[in-house]
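S.K.: To start, I am sharing the structure in question, which I have written as structure tokens.
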Amino acid sequence: MDFKLGRINLNKVAQGVGGLVFGSENATSSEDSYVERLLDRINNGVLAEDKRAAMAELQSLVAESSSAQLAFGAMGFPVLISVLKEDREDIELVRGALETLVSSLTPVDTAQRPKNAIQPASMNSDLLSREPESISLLLSLLSEDDFYVRYYTLQLLTALLSNSLNRLQEAILTIPQGITRLMDMLMDREVIRNEALLLLTYLTRNAEEIQKIVVFEGAFEKIFSIIKEEGGSEGGVVVQDCLELLNNLLRNNASNQILLRETVGVEPLISILGLRGSAYNFTQQKTVNLLSALETIELLLIGDPETGSGKDVNRMSNQNALAQKKVMEHLLMLGVENKWVAAAVRSLALRVIGDLVVKNPQNLETLASKFTGEDSRPEPALNSILRIVLRTNSMQEFISADHIFKCFCENNIDGQTMLASTMTPQPYSLSHAIVQDDSNLSFGSMLLRGLISSESEGDLETSCRAASVLSHILKDNVRCKERVLQIQLEAPLPSLGAAEPLMHRIVKYLALSSARSKDVDQGDASLAGRSYMQPIILRLLITWLSDYPPAVHCFLDSPAHLTYLLELVSISNASVYVRGLAAFLLGECVLYNKNDSGEGRKDAFAVVDAISQKIGLTAYFLNFDEMQKSAFFTSAPSTSERKPLTRSIAASTTEIEDAENDGTDAKHEHPILVSVFDIQFVNLLRRLEVDIREGIVDIFSHPKSKVVVVPAELEQKGGESDGDYIKRLKLFVEKQCNEMQDLLGRNSTLAEDLAKSGGGSPSVSDQRPSGGTGRERVQVENLRRDLQEAAQRIETLKSEKSKIESKATKYRDLATKMESDLKSLSDAYNSLEQANFHLETEVKALRSGGSVDLEAIKAEAREEAQKDSETELNDLLVCLGQEQSRVEKLSTRLAELGEDVDSLLEGIGDDAGIPDDDDDDDDEN
């Protein structure tokens, strides 16, 4: 009796849980039947040994077959959950149940299954995690004394987390003491500890509430205790898991960062960076461990502008706490001094140095005073970092080293001035000596050598890198701009001319990089990937000319510079960034041009006039619009959005490098371009665009007169005849009229260009009120045109609306007609179905009724036929009676007329009988 009840219950489970999912065909397969029989033995067995044997067979079957996993998921969970609840005393049976559950959640035959096929393991995870009671039951098993019960329970929870993370996180939060039990497992035996560590790593991802509970349960102490026990950076994957868990707890969580500082402190974290053993023995696992530790420090140093000033206070506290524990020495060792460290570790260590010193005066001073290298030949740390910028073969290492100078110079006027003060040009012979022989050079001399080294080496890579560092030194610092502007480069030979300003040499390199970019477009593979050279040099020039008129005057001292810049903006095959940055540089030549001396250089009006004639204001302003649509303007890159280093990413060295390179939203762009267009530079360009548009409009609204009217010229000179005086006045008036016509023509061209381009950026009109009558006229004209276009568009929309409404009415009528037709067809179909049903009923009755029923039906048919024949005979008799009456009337009429009726009717009956005789003859024959 019990066995039958057990079978009934299992069938109900199969139908209720898996029947709709897996279909009814699975229930007929032999494998599914075998799973069902094993579950019956487990559920209804009497002997404990038989139940254990059935459990072992079930576990083996589920572990090897995906179809068995499907069948088990349909009907097995209630049985095994019942075992875990009611058979706790039978430890071996509980072990088998847990191991079977783990096998049901572990994918099998994944290589042979199609991608869109049903995944039994994930489906089983979903089924098991739906019931919160099952999670509570599993957590209660962690308190069992048996090692394997705790081990399999942790494995089962980890498998559930891998497939149903959010659901399990919510369930664990609702269970009292749930996380506490998991944290207790960190102090268990090594195997269980490792499983619990992996489980907590999954559990704390993007779950702030769980992170806080884990921290209050003493996570920091336990994590660093395990790391120390495993050997720090020399440890295995367990250290990596500990650091990943630590990063989950600290990422974007200021309260946990404060708790770390106030409880265990940052010293245990810094100790992981200490290199023990051989200085050149770096395994892949050790590299991953160092990367994870550096990522932890980086999380402590990254500020988040969205959270307000409170986050910056926490960041500065973290900076000070790390600096007090001498983290700078470890970072310089990993990033600068040790040449055996992997490039990914060096790059991240350099980036962390930049984050450590940014906007922190004390740490900035510490970095400026640091020395690297051997005691016999120490070198300033900034010099060593500059050498990395100029010489490294790793693109990411260059970006990270350049990031240090960006952070060092940000809001650090004294530091910028100190670096610029060392920029003293050397004689030509020394500046072109062997590049490697630079150990005795100052920072500025090394930087200048890097700037001009391309002339001898034929490669602009080093010059572009040096230009990037120089742009950080000049940013928002007038003293540095003035100091560098005065640098004159010695010519190779005195006979070749006077000294050349450094700015002119940089513009020359910009032209050379343009030529190189053309070679790239033509397929020169050796120059592939150098698309960042022109943007780097243009950023330097924009930074230099920004709000500094002497730099603008120096740039325009050479007429070729303006001509080249106009051509660069007009090149159609140049990138949107090159054309856009060149347009910004042109705009600075207008905005910050204070040339009132009348010398050979062009003033602001002349620059605007050249832009209008050579490019056209519409095309010029279009470069700004295209820049605004680029990835760097629509979503400004942020270095804080870096991909977390997990087990899957750290699977290979190549993936580690990719993880380090992948830190922004603009992933389709060159990584160096991402560093060029940082948020500060993008904001500068946005401000410049508004000022440039306004400045150009103001210049054309208030044009500068080319004629200086001297009252003395209007007076007659001594000894001059009246005719000559009148002739001179006529020439003077004609010249003035021509110049006025020229000005009016240019203003008309400007108005047309502005009207075509929509009057400039909307931000101009919003942020800067109208400042001139010419601009107001243009705006009024644009508004008038917009109103006319809007009126025409409204009329077009009205006509389209009427057409659409008529079509809608037509389709509505057609739909009504089709609906009625469909109803008629449906009624007819129902009638046919009823008639067919009656006919089928009669046919079945005929087939099963026998011969008696058939005779009755024949008799009934004869009666109906006789009735039909009698009716037809009566109709014929009626017709004959009518014909007889007609004949009688005709006969009477003929008799009245004197005709012999009998003679007329004679022979009619004989004619009618002729065919019958012929038929009889035919029959006889």
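S.K.: Name the pairs: first residue in the range 588-614 and open to solvent by 40 Å² or more (accessible area, probe 1.4 Å), second residue modelled with pLDDT under 85, Cβ to Cβ under 8 Å, at least 6 apart or on different chains?
M.R.: D596/D603; R601/N595; K602/N595
S.K.: Within the range 217-233, does at least one residue satisfy the condition of being among the small types (G, A, S) and in contact with an Asp or Glu (Cβ under 9 Å, 6 or more places away or on another chain)?
M.R.: For the range 217-233, residues among the small types (G, A, S) and in contact with an Asp or Glu (Cβ under 9 Å, 6 or more places away or on another chain): absent.
S.K.: Now for a separate question. Search the range 508-531 for residues being farther than 17 Å from N573 by Cβ and at pLDDT below 90, and hand back the single one that is surrounded by the most Cβ atoms within 10 Å (Cβ to Cβ).
M.R.: Residue satisfying both the conditions and the ranking: L512.
S.K.: Of (1) closer than 24 Å to L673 by Cβ; (2) open to solvent by 20 Å² or more (accessible area, probe 1.4 Å); (3) part of a helix (DSSP H, G or I), Y577 satisfies all except one. Which?
M.R.: Evaluating Y577 over (1) closer than 24 Å to L673 by Cβ; (2) open to solvent by 20 Å² or more (accessible area, probe 1.4 Å); (3) part of a helix (DSSP H, G or I) leaves (2) as the failure.
S.K.: Which pairs turn up if I take residues in the range 294-311 that are at pLDDT below 65 and look for partners that are of a type in the set (D, E) and part of a loop (DSSP other than H, G, I, E, B) with beta carbon separation below 9 Å, at least 6 apart in sequence or on another chain?
M.R.: Cβ pairs passing all conditions: K311/D304.
S.K.: Right, here's the next one. Looking only at residues that are within 19 Å of L299 (Cβ to Cβ) and over 35 Å from the mean Cα position of the chain (by Cα) in the range 233-267, which one is surrounded by the fewest Cβ atoms within 10 Å (Cβ to Cβ)?
M.R.: By that ranking, first place goes to E262.
S.K.: Taking the range 363-412 as the region of interest, how many residues are open to solvent by 40 Å² or more (accessible area, probe 1.4 Å), assigned to a helix (DSSP H, G or I) and under 17 Å from R346 (Cα atoms)?
M.R.: Qualifying residue count, the range 363-412: 3.
S.K.: OK, next. Can you report the number of residues in the range 719-741 which are open to solvent by 60 Å² or more (accessible area, probe 1.4 Å) and under 60 Å from the mean Cα position of the chain (by Cα)?
M.R.: Going through the range 719-741 one residue at a time, the tally reaches 3.
S.K.: If you check R95, R88, which single one turns out to be assigned to a helix (DSSP H, G or I) and open to solvent by 20 Å² or more (accessible area, probe 1.4 Å)?
M.R.: Only one candidate passes the filter, namely R95.
S.K.: Any idea which of S164, S143 is of a type in the set (S, T, N, Q), open to solvent by 20 Å² or more (accessible area, probe 1.4 Å) and farther than 23 Å from L259 by Cα?
M.R.: S143
S.K.: Go through the range 143-208 and tell me which helices (runs of 4 or more DSSP H), entirely inside it, have 2 or more residues that are within 20 Å of V239 (Cβ to Cβ).
M.R.: Counting at least 2 such residues, we get 147-163, 178-184, 190-203.
S.K.: Turning to a different aspect of this structure: Look at R88 and say whether it is in contact with a helix residue (DSSP H, G or I) (Cβ under 9 Å, 6 or more places away or on another chain), closer than 22 Å to A54 by Cβ, at pLDDT below 90 and of a type in the set (K, R).
M.R.: Answer is yes for this residue.
S.K.: Also: Does the range 188-196 include one or more residues that are crowded, with 16+ Cβ neighbours inside 10 Å, of a type in the set (D, E, K, R) and within 29 Å of the chain's Cα centre (by Cα)?
M.R.: Within the range 188-196, not a single residue is crowded, with 16+ Cβ neighbours inside 10 Å, of a type in the set (D, E, K, R) and within 29 Å of the chain's Cα centre (by Cα).
S.K.: Specify which of the listed residues (D658, D625) is under 27 Å from I536 (Cβ atoms), open to solvent by 40 Å² or more (accessible area, probe 1.4 Å) and at pLDDT 80 or above.
M.R.: Within the list D658, D625, the selection yields D625.
S.K.: Further question: Give the range 337-347 a look and list any residue that's open to solvent by less than 10 Å² (accessible area, probe 1.4 Å), within 20 Å of L390 (Cβ to Cβ) and assigned to a helix (DSSP H, G or I), or say none.
M.R.: S347, the sole residue that qualifies.
S.K.: Return the pairs, sorted by first residue and then second, in which the second residue is open to solvent by 20 Å² or more (accessible area, probe 1.4 Å), the first residue lies in the range 532-555 and is of a type in the set (S, T, Y), the beta carbons are less than 6 Å apart, and the residues are 6+ apart or on different chains.
M.R.: Qualifying pairs under 6 Å: Y532/H670; T543/K475.
The values are calculated or read from the model by the stated rules, or taken from the named source; none is laboratory data. Keep in mind the model is a prediction, meaning the values are calculated, not measured. Note that we place each Cβ from the backbone using ideal geometry, even for glycine, and neighbour counts take in every protein chain shown. Each accessible area value is taken on the protein alone, full model and side chains, heavy atoms only, with ligands, DNA and RNA left out. Shrake-Rupley method; radii C 1.70, N 1.55, O 1.52, S 1.80 Å.
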